Amino acid sequence: MSVETTPATTDAKRIRARATRAGAVGNFIEFYDFTLYGFFAIIISQQFFPDYSSQAALLATFGVYGGAFVMRPVGAIVFGHVGDRWGRKRALLIAVVLMSASTAMIGLLPSYAMIGVAAPALLLACRLTQAFSAGGEQSGAYVLVIEHSPVAERGRNGSWLVVSVMAGVASGAIVALVMNFVTTADQMQSWGWRIPFLIGAPLGVLGLVLRLKLQESEAFTAASAEVAKQVGRHVPLVQAFRTVKKEMLTLFAWVGLVSLAGYMLIGFMTTLMVKFEGYSMTTALLVMVLGFLIAAPFVMVLCRWSDTVTRKRFAISLAAGLAVWTVPAFALIGHGPVFATIAIAGYTTLLYPMNLAAGFAVVELFPVDVRASASALPYQVGFALFGGTASLIATWLVTNFSALAPAYYVTAVAVIEIFVAWFWLPNAREMTVVTESDAGVRSLPTTSPDLRSDNA
């Protein structure tokens, strides 16, 4: 018996590993790309908004950064529909190509001194394309990986997506740090800042190769077959609004905190250290890299802990930890690089497992036939409203109040999220809130049948 089942088991593990790699590489590229803009915000402000004062130029730069987030929900609608109707693989292939191409284009843009106001307009166009593609990337990656995973292993497999986000941010910091070491200030201003963005092109090729080898999960294949038999094919997003509105609101609320806290870290923290606390760019980037490296093993431990506790306990523990630590972390930033590294490490340790909690919600709150659409839209609206405005609001708060003001903002949202998790997340190890939809898909599994754990 074991001889007969071993090949199938081995094949299932191979498919699962391939899905994890393909999902992780897209996450890596997305956050590498987005992080670069935050790390080089000061230089970008000088290249594209030279006629403004330094503060106004920085606000304009972050305005472009945040304004582009309006395209994330648009991308969510498009890629969610593609993912539910034609497959997760097709949606993720398109997303990774658009993301990497638009990032490389930023590295090729002429400055304001070369073409005037067309330069910031082109910068905005690239950022809009990045945001559009990101609308289908992260939630789509969680759908892909967790759909392929047994319930009892979702935390372990999903942890690689979390680490890929961290690796993308850390890699962006490392590349920026290397460029600071190997170029002079004039060279960095002239062409050095462009190199990290151009690296987006080969990263995109890697992502494309890995995703071309993907297979759809059996859960999605079964759902597609059932829906195709119906007389009138439903529109997944419309169906989601009819059947899972509360669950969509729950995901939106949780992602709001994750994106706010996350973009406060990757989009604003370097600027805080350099512009407001007097760090050199090299020191600030080094602090970020070391903080991420220290946090990485603790993040993996917390992600794997999620397989042993309820989703509610996992989410509340992280939100409470972030509420307690954020203000002290921001205070430590002003006391030198050593304390700043401790602050970043602690903040990162609490923040990134929260992405996994969002990933659980993406898969477990929604039925298979509308999952990509139902999860992508609230996910990206949360990112747009909270993450997209994080750097802009933080800059305004520090300019008008104090360096601790953004921390109080994050803390307030974290406290609200504790109540969201307490009242709206089920007290179970799998959020099987929805098992079917009005579309006529009955009793579809939340993951592939042959990949379910024996003790799930």
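So LEU177 ticks every box in (1) touching a residue at least 24 places away in the same chain (Cβ under 8 Å); (2) of a type in the set (A, V, I, L, M); (3) in contact with a Pro (Cβ under 8 Å, 6 or more places away or on another chain) but one. Which box is left unticked?
Single failed check for LEU177: (3).
Filter region 313-332 down to the residues that are touching a Ser or Thr at 6+ places or on another chain (Cβ under 8 Å) and among the aromatic types (Phe, Trp, Tyr) and list them by number.
The one that is touching a Ser or Thr at 6+ places or on another chain (Cβ under 8 Å) and among the aromatic types (Phe, Trp, Tyr): PHE314.
Search region 270-283 for residues that are touching a residue at least 24 places away in the same chain (Cβ under 8 Å) and pair each with any residue that is of a type in the set (Gly, Ala, Ser) and outside any helix (DSSP H, G or I) when their beta-carbon atoms are under 8 Å apart and the residues are at least 6 apart or on different chains.
Sorted first by the residue in region 270-283, then by its partner, the pairs are LEU272/ALA403; VAL274/SER280; PHE276/ALA403; GLU277/GLY334; GLU277/ALA403.
Output the residues belonging to region 48-59 that are surrounded by fewer than 24 Cβ atoms within 10 Å (Cβ to Cβ) and either assigned to a helix (DSSP H, G or I) or not hydroxyl-bearing (Ser, Thr, Tyr) (or both).
Within region 48-59, PHE49, PRO50, ASP51, SER54, GLN55, ALA56, ALA57, LEU58, LEU59 qualify.
Suppose we keep only residues that are surrounded by fewer than 24 Cβ atoms within 10 Å (Cβ to Cβ) and under 21 Å from TYR347 (Cα atoms) within region 380-394. Which one would you say is modelled with the highest pLDDT?
Per the criteria, the residue is ILE393.
Condition first: buried (at least 18 other Cβ atoms within 10 Å of the Cβ) and under 20 Å from ALA390 (Cβ atoms). Can you find one or more residues in region 109-117 that meet it?
no
Filter region 255-284 down to residues that are aromatic (Phe, Trp, Tyr) and either at pLDDT below 90 or part of a helix (DSSP H, G or I) (or both) and give me whichever is farthest from the chain's Cα centre (by Cα).
By that ranking, first place goes to PHE276.
Within region 363-385, work out how many residues are under 15 Å from LEU257 (Cβ atoms) and either touching a Phe, Trp or Tyr at 6+ places or on another chain (Cβ under 7 Å) or not in a helix (DSSP H, G or I) (or both).
Of the residues in that region, 5 qualify.
If ALA104 satisfies every condition in (1) over 28 Å from ARG18 (Cβ atoms); (2) of a type outside the set (S, T, N, Q); (3) not in a loop (DSSP other than H, G, I, E, B) but one, which is the exception?
The single condition ALA104 does not satisfy is (1).
Scan region 283-325 for residues that are among the β-branched types (Val, Ile, Thr), surrounded by fewer than 21 Cβ atoms within 10 Å (Cβ to Cβ) and under 16 Å from GLY172 (Cα atoms) and jot them down.
THR283, VAL289
For PHE298, which of the numbered conditions (1) over 30 Å from ASN157 (Cβ atoms); (2) touching a residue at least 24 places away in the same chain (Cβ under 8 Å) fails to hold?
Here PHE298 clears every test but (1).
Being touching a residue at least 12 places away in the same chain (Cβ under 8 Å) and closer than 15 Å to LEU108 by Cβ is the filter here; which residues of region 125-143 pass it?
Result: CYS126, ARG127, THR129, GLN130.
May I ask you to say which residue of ALA407, ALA414, ALA357 is at pLDDT below 90 and either out of contact with any strand residue (DSSP E or B) (no Cβ under 9 Å at 6 or more places or on another chain) or not hydroxyl-bearing (Ser, Thr, Tyr) (or both)?
Details: ALA407 fails: at pLDDT below 90; ALA414 fails: at pLDDT below 90.
Step by step, each of ALA407, ALA414, ALA357 is checked, and only ALA357 is at pLDDT below 90 and either out of contact with any strand residue (DSSP E or B) (no Cβ under 9 Å at 6 or more places or on another chain) or not hydroxyl-bearing (Ser, Thr, Tyr) (or both).
The values are calculated or read from the model by the stated rules, or taken from the named source; none is laboratory data. Note that the coordinates shown come from a computational prediction; the quantities given were computed from them, not determined experimentally. Quick reminder, even Gly has a Cβ in these numbers, built from the backbone with ideal geometry, and neighbours come from all protein chains shown.
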